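Note sheet for the following structure.
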Amino acid sequence: MVEALVDDLQSLDRDVALGSKSLTRWRGTLRQDLDTQAQVEPLESVRHVAGKSTWDALDNLMPVEGDLPLRDALKRWVFSLTVSRVALPLEVKWAQAASDRRGISLGESVRQVSWLEAWRGLAAARTAAEAQLFLEVAAMAASPVAEAARQRAERRVEAARRFGVDHPWAPIAPVDRGALRSAAERLLDRTDDLSAMVWNRALTEGRGPSAVLYAAMARDAGEGWPAHVTAHWLGDAFGQGARGLDVELPSLPSAFGASSFARALVAFGFAARLAMAPSSMPFALARDPAFVGAHRLGFVFGALAAEAQWQEQTLGIGRHTARGQSIILARSALLEARLHAARLLLGDDAAFAPQDRFEELGARLFGRSLDPRLRGAWPAARDDEPARFFALLESLPFAEGLRERFDVDWYRNPRAWDHLRALGAVPAHESADGSALAQQVDAVARGFERALG
């Protein structure tokens, strides 16, 4: 039966697309309607695309040469969907733990607050002291979240081993796991001194994780930004270039600070890359479970927020103000880059949040250790964290190439958008041998030194 299904790769591709979209929708609604969605099995209607028997059948299939790329792309998707399906009960457990409210003393009152609400409260905090209060609330709620994450990591490793690989990243990561971890270590090493200097200079209200996270929202870079982060604002900023693209944006962040707009730009770049794939291309070729290209373009657009020239043109502010705001946003970007490295090291499914590394990395990121109760819960890696980190390293030379070919305001140049669309028309999967990672890390570090030194 399975062999018959894989003989028709186009039909299997359509089912993979249905499975991927169903899983994405389910994850998007799980937190909003937990009781209902916890009973749903999002892959049940296309169960055959999330099982090792289909992967084995594809592995044994000898298609005509022209179908080999599609066969290999389908294998990656079947692996990814199978690992996700096996771990779904623990995604539900995590969502339940993250949504569970408990009575927390907030000043003179007691409120019912969940893990997720604590982090939203920290992002929305009006003072560093309020941010510290919500970080304490998060630490109090972290234990069941960390346990669910740990169990999910173990389940994912078990599922991967059924395929004969030793790690869930192995079949879909763009670069070998060891090379990625070494690059993450190198990025932290190369930026430790700069990070310490930047935050010692920037912090005026206390020290430690909550003070850094509060400052990284970049509220003091607020000139020119609209009151809300909206698709309309993004459309005005890039409407001409993106004209004709069906850009499906996710839920955009609330405007708590200028860094909220940087995150919205990342989301826009990612969604634009998805929209550039030709509708005629099979789903498994047009999209990849890791999708380095979309993450890379997301980082390229996100970095615009820290460019003074972009702020002058898009926000309509003066050069001096834009220069000051670009420095503030660059330090937020530095923290985010270092957090990506930490997530890769602490969220590795097969080496999950070791205590000594958690203590060490927390102190390196924030100048003071993180609350030990957060270990295993935060900072948390996403399933595609290897692709995100790899894409982050590649985004700098990619952006430099756009500026060299199409000038500093490439985002306004129709030829630059034509170039991006042409890149979006090729299959999404990317891989590398990792030999250039060290040089890319060093280039990223030098870029931050130029922006912040």
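The values are calculated or read from the model by the stated rules, or taken from the named source; none is laboratory data. Everything quoted here is computed from the prediction, not taken from an experiment. Please note: Cβ atoms are built from the backbone with ideal geometry, for glycine as well, and neighbour counts cover all protein chains shown.
Among the listed residues Ser114, Ser143, Ser84, Ser53, identify the single one that is over 30 Å from Met217 (Cβ atoms) and within 24 Å of the chain's Cα centre (by Cα). Quick ask: steps written out before the conclusion?
Working: Ser114 fails: over 30 Å from Met217 (Cβ atoms); Ser143 fails: over 30 Å from Met217 (Cβ atoms); Ser53 fails: within 24 Å of the chain's Cα centre (by Cα).
Every option except Ser84 fails the conditions.
Counting only residues that are in a loop (DSSP other than H, G, I, E, B) and at negative phi, how many does the range 145-180 have? Working first, answer last.
Pass one, the range 145-180, residues in a loop (DSSP other than H, G, I, E, B): 163-176.
If we keep only those that are at negative phi too, we end up with 163, 165-176.
Looking only at that region, the number is 13.
Determine which single condition Met140 fails, assuming it passes every other condition in (1) in contact with an Asp or Glu (Cβ under 8 Å, 6 or more places away or on another chain); (2) farther than 25 Å from Trp199 by Cα; (3) hydrophobic (A, V, I, L, M, F, W, C).
Result: Met140 passes all but (1).
Among the residues of the range 92-109, is there at least one that is closer than 28 Å to Val426 by Cα, modelled with pLDDT under 95, outside any helix (DSSP H, G or I) and in contact with a Lys or Arg (Cβ under 7 Å, 6 or more places away or on another chain)? Before you say what the answer is, go through the steps one by one.
Of the residues in the range 92-109, the ones closer than 28 Å to Val426 by Cα are none.
No, the conditions are met nowhere in the range 92-109.
Residue by residue through the range 165-222, note down the ones that are over 20 Å from the mean Cα position of the chain (by Cα) and among the polar types (S, T, N, Q).
Across the range 165-222, the qualifying residues are Thr191, Ser195, Asn200, Thr204, Ser210.
Grab the helices (runs of 4 or more DSSP H) fully contained in the range 374-453, keeping just those with 1 or more residues being in contact with a helix residue (DSSP H, G or I) (Cβ under 8 Å, 6 or more places away or on another chain) and among the hydroxyl-bearing types (Ser, Thr, Tyr). Give the derivation first.
Details: elements: 385-406, 414-424, 437-452.
Answer list for the range 374-453: 385-406.
Please tell me if Leu370 is of a type outside the set (D, E, K, R) and either surrounded by 23 or more Cβ atoms within 10 Å (Cβ to Cβ) or under 16 Å from the mean Cα position of the chain (by Cα) (or both).
Working: of a type outside the set (D, E, K, R): yes; either surrounded by 23 or more Cβ atoms within 10 Å (Cβ to Cβ) or under 16 Å from the mean Cα position of the chain (by Cα) (or both): no.
In short, no.
Filter the range 76-88 for residues that are in contact (Cβ under 8 Å) with a residue 60 or more places away in the chain and surrounded by fewer than 22 Cβ atoms within 10 Å (Cβ to Cβ); which is farthest from Asp7 (Cα to Cα)? Let's see the steps before the verdict.
Taking the range 76-88 first, the residues in contact (Cβ under 8 Å) with a residue 60 or more places away in the chain are 76-84, 86-87.
Then keep just the ones that are surrounded by fewer than 22 Cβ atoms within 10 Å (Cβ to Cβ); that gives 76, 86.
Values: Arg76: 17, Val86: 25 Å.
It comes out as Val86.
For the range 279-286, state whether one or more residues are more than 18 Å from Gly257 (Cα to Cα), touching a helix residue (DSSP H, G or I) at 6+ places or on another chain (Cβ under 8 Å), in a loop (DSSP other than H, G, I, E, B) and aliphatic (A, V, I, L, M). Write out each step before concluding.
Step one: of the range 279-286, the residues more than 18 Å from Gly257 (Cα to Cα) are 279-286.
Going one step further and asking which of them are touching a helix residue (DSSP H, G or I) at 6+ places or on another chain (Cβ under 8 Å), we end up with 282-285.
Cutting the leftovers down to in a loop (DSSP other than H, G, I, E, B) gives us 282.
Narrowing further to those that are aliphatic (A, V, I, L, M): none.
For the range 279-286, residues more than 18 Å from Gly257 (Cα to Cα), touching a helix residue (DSSP H, G or I) at 6+ places or on another chain (Cβ under 8 Å), in a loop (DSSP other than H, G, I, E, B) and aliphatic (A, V, I, L, M): absent.
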